[in-house]
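First the structure, in the form of structure tokens, and then the observations on it.
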């Protein structure tokens, strides 16, 4: 095996929080936590000051910090926000490799020679990021990527040849393998040095191949080559117009010319566009911007249609652009390697589907993104929480599988009422059925009355399934108990008991 390459790793602390501030405007100086699968994956310094740490469940984190701002984890957002930082680093050094959003690395030999040493090179890169991007970063240098990452978190420059000694004192959790670390702790091995002291053959036999790779990292034998990042090409196209565009026919011509230029440029790089940004600058200096998304690959004709529809929407709005449109810029915000799109067996990707997409996209161009909505599934405890309406064409995040304590068991209701219907539930003797604070039901439900309808017998019921949210904030706390009931006439309903009242929340098939 070759010796580990002398590597500098640049790390931006709490990057998911910083990315949420850059793209969504979330104030990173406030207590902020980024959650994935209902667990904290990153938090701001203010949140850590309140006791919030990585790995906490959402409810535990909010109990420690009631004013906590919760943000959903978005790897795409983290990657997009990190792109300007990478471009800034590439202004100073070459051969940058992306380790993860918020971390990049490069061989330090060349920059160290140019700037007069590893320490001046690290200071220059960190200063460049702070000046150009306004982002705090830390740099570390060691032999190999793994050790450089630990050095960056400590802000250290590990001298050549001393990487094994530096790693020996690190806690075993630095391997980022929780199951292996837990097994080693139970065996009394708590540092990387103790793990590295084990015979390599015994580690492979006892713990497996992945543990053997981790054993090499702990010993400072990280010979992985850096996957050097290839700077993205300059893809946006711009059109400047001496005569301002103030008519729809002029807009159609400008859209066709500029869309063809963009398509040819993408094709020259072997790329295709899936998300298009349209930017227009008016004669008065006002900037208009709209992003169009598409679930297929945008052809030249598709780009032309979207640009024309968007310009038509801007020009026909009241009031329209002041002074017409002087500059038009198309930005391929989402690109991928061009590949043929396989049509479905029954024509799902055929012409009829394309016509429907164009019609919906045109409606959005005229009336705004919120004019066409589609339902997507997400995590939640109640049926109403599990469905979210998003603008058509928006990227759909996979539903959070939870766990969601208090979630209703399957099957899900077929219809969720927009407004719960008031109801009354009585037992066999005609007395109102109540639910105590300890979820004790006063009697078996026997009769249900919905609004002014006549009573209907209850043939079967299940529950209660309780929900108690924001219990740490008495002014905002609320609790409810849900019941599934089957009526004598064959219907099945979801009943909710909250604040001393019964309501019908949903209907099952």
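Flag: residue 186 matches the condition of being surrounded by fewer than 18 Cβ atoms within 10 Å (Cβ to Cβ), more than 28 Å from residue 101 (Cβ to Cβ) and assigned by TED's automatic domain parsing to the domain that holds residue 83. The residues listed here are 19, 3, 42, 28; of these, the one that is under 30 Å from residue 107 (Cα atoms), assigned by TED's automatic domain parsing to the domain that holds residue 222 and assigned to a loop (DSSP other than H, G, I, E, B) is 3.
Of everything listed in (1) in contact with a helix residue (DSSP H, G or I) (Cβ under 8 Å, 6 or more places away or on another chain); (2) surrounded by 15 or more Cβ atoms within 10 Å (Cβ to Cβ); (3) assigned to a helix (DSSP H, G or I), the single unmet condition for residue 126 is (1).
Residues that are outside any helix (DSSP H, G or I), modelled with pLDDT of 85 or more and surrounded by 17 or more Cβ atoms within 10 Å (Cβ to Cβ) within the range 191-238 comprise 191, 198, 219, 220, 221, 237, listed in sequence order.
Taking residues in the range 472-489 that are under 16 Å from residue 412 (Cβ atoms), and partners anywhere that are modelled with pLDDT under 75 and surrounded by 12 or more Cβ atoms within 10 Å (Cβ to Cβ), the pairs with Cβ atoms closer than 8 Å and at least 6 places apart or on different chains are 482/382; 482/408; 484/408.
Within the range 151-175, work out how many residues are farther than 18 Å from residue 197 by Cα, touching a strand residue (DSSP E or B) at 6+ places or on another chain (Cβ under 7 Å) and without any contact (Cβ under 8 Å) to a residue 60 or more places away in the chain. If you could, list the steps in order and put the result at the bottom.
Pass one, the range 151-175, residues farther than 18 Å from residue 197 by Cα: 151-160.
Next cut, touching a strand residue (DSSP E or B) at 6+ places or on another chain (Cβ under 7 Å) only: 151-158, 160.
If we keep only those that are without any contact (Cβ under 8 Å) to a residue 60 or more places away in the chain as well, we get 154-158.
Number of matching residues: 5.
Listed conditions (1) modelled with pLDDT of 75 or more; (2) part of a loop (DSSP other than H, G, I, E, B); (3) surrounded by 12 or more Cβ atoms within 10 Å (Cβ to Cβ) are all met by residue 407, apart from (1).
Looking only at the range 240-253, residues that are touching a strand residue (DSSP E or B) at 6+ places or on another chain (Cβ under 6 Å) and surrounded by 17 or more Cβ atoms within 10 Å (Cβ to Cβ) come to 2 in all. Of the residues making up the range 389-402, one or more are under 29 Å from residue 317 (Cβ atoms), in contact with a helix residue (DSSP H, G or I) (Cβ under 8 Å, 6 or more places away or on another chain), at pLDDT 65 or above and surrounded by 16 or more Cβ atoms within 10 Å (Cβ to Cβ). Of all the numbered requirements in (1) surrounded by fewer than 17 Cβ atoms within 10 Å (Cβ to Cβ); (2) over 20 Å from residue 130 (Cβ atoms); (3) at pLDDT 90 or above, residue 45 misses one, and that requirement is (2). Of all residues in the range 34-59, those being under 18 Å from residue 471 (Cβ atoms), without any contact (Cβ under 8 Å) to a residue 60 or more places away in the chain and in contact with a helix residue (DSSP H, G or I) (Cβ under 9 Å, 6 or more places away or on another chain) number 4. Considering only the range 70-83, I want to know if a residue exists there that is in a loop (DSSP other than H, G, I, E, B), free of Cβ contacts under 8 Å to residues at least 40 places away in the same chain and exposed (fewer than 15 other Cβ atoms within 10 Å of the Cβ). Scanning the range 70-83, I find no residue that is in a loop (DSSP other than H, G, I, E, B), free of Cβ contacts under 8 Å to residues at least 40 places away in the same chain and exposed (fewer than 15 other Cβ atoms within 10 Å of the Cβ), so the answer is no.
Note on the range 87-123: residues that are surrounded by fewer than 17 Cβ atoms within 10 Å (Cβ to Cβ) and either at pLDDT 90 or above or assigned to a helix (DSSP H, G or I) (or both) amount to 12. Quick one: which residue in 269, 294 is surrounded by fewer than 17 Cβ atoms within 10 Å (Cβ to Cβ) and either over 30 Å from residue 83 (Cα atoms) or at pLDDT below 80 (or both)? Every option except 269 fails the conditions. Condition check for residue 467 on (1) over 31 Å from the mean Cα position of the chain (by Cα); (2) buried (at least 18 other Cβ atoms within 10 Å of the Cβ): one failure, at (1). Checking each residue in the range 413-432 for being within 36 Å of the chain's Cα centre (by Cα) and either surrounded by 16 or more Cβ atoms within 10 Å (Cβ to Cβ) or not in a loop (DSSP other than H, G, I, E, B) (or both) picks out 413, 415, 416, 417, 418, 419, 420, 421. The condition of being closer than 24 Å to residue 471 by Cβ, in a helix (DSSP H, G or I) and not assigned by TED's automatic domain parsing to the domain that holds residue 477 holds for residue 62.
The values are calculated or read from the model by the stated rules, or taken from the named source; none is laboratory data. Keep in mind that this is a model prediction, so the values were computed, not measured. No Cβ is skipped: glycine too gets one built from the backbone with ideal geometry, and neighbour counts run over all protein chains shown.
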